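Bear in mind these aren't lab numbers, they're just calculated from the coordinates by the rules spelled out. Everything quoted here is computed from the prediction, not taken from an experiment. Backbone-built Cβ (ideal geometry, glycine too); neighbour counts: all protein chains shown.
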Amino acid sequence: MAHLTGAPKIRKLALYLAQSDHLRVLQWFGCPGPEAEVSAHFTPSEWWSLGPERIVWEVQQALKNFAAALEPCGA
């Protein structure tokens, strides 16, 4: 949908969201092992104090804002 808008800023934001590790951190939050360590390495340190519920909420807000940004473009 972002590509169809033809808007460079929207396309750049879509690529940024697609490359983010924000969903992976939720999978490994609080778990031991190498997978969790890799995820933790790429997760902003500020996120850890939020806890899993708040991280989910923040991710939801980012995706809602992105969907709202697509609406004026007719995508």
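Extents of the chain, taken as max minus min of Cα coordinates on every principal axis and listed largest first, are 44, 21, 17 Å.
Placing unit charges on each Cβ (+1 for Lys and Arg, -1 for Asp and Glu) gives the chain a dipole about its Cα centre, and among 33, 1, 56 the Cα reaching farthest toward its positive end belongs to 1.
At full extension, residue 62 and residue 48 could sit 3.3 nm farther apart than now, given 0.36 nm per residue minus the alpha carbon distance. Using 0.36 nm per residue and subtracting the Cα-Cα separation, the extra length available between residue 37 and residue 11 on full extension is 6.3 nm. Derived scalar couplings between HN and Hα for segment 54-65 equal 6, 4, 4, 4, 4, 5, 4, 4, 4, 5, 5, 5 Hz in order, rounded to whole Hz, by the Karplus curve 6.51 cos²θ - 1.76 cosθ + 1.60 (θ = phi - 60°), x for Gly and Pro. Going through segment 25-75, which chymotrypsin sites (Phe, Trp or Tyr not before Pro) have at most 13 other Cβ atoms within 10 Å and a DSSP loop state? Counting only loop positions with at most 13 other Cβ atoms within 10 Å, the chymotrypsin sites (Phe, Trp or Tyr not before Pro) in segment 25-75 are 42. Over the chain, Cα pairs under 8 Å with separation of 6+ residues give a relative contact order of 43 percent. Computed extension length for residue 27-residue 73: 13.3 nm, one decimal, from 0.36 nm per residue of separation with the Cα-Cα distance subtracted.
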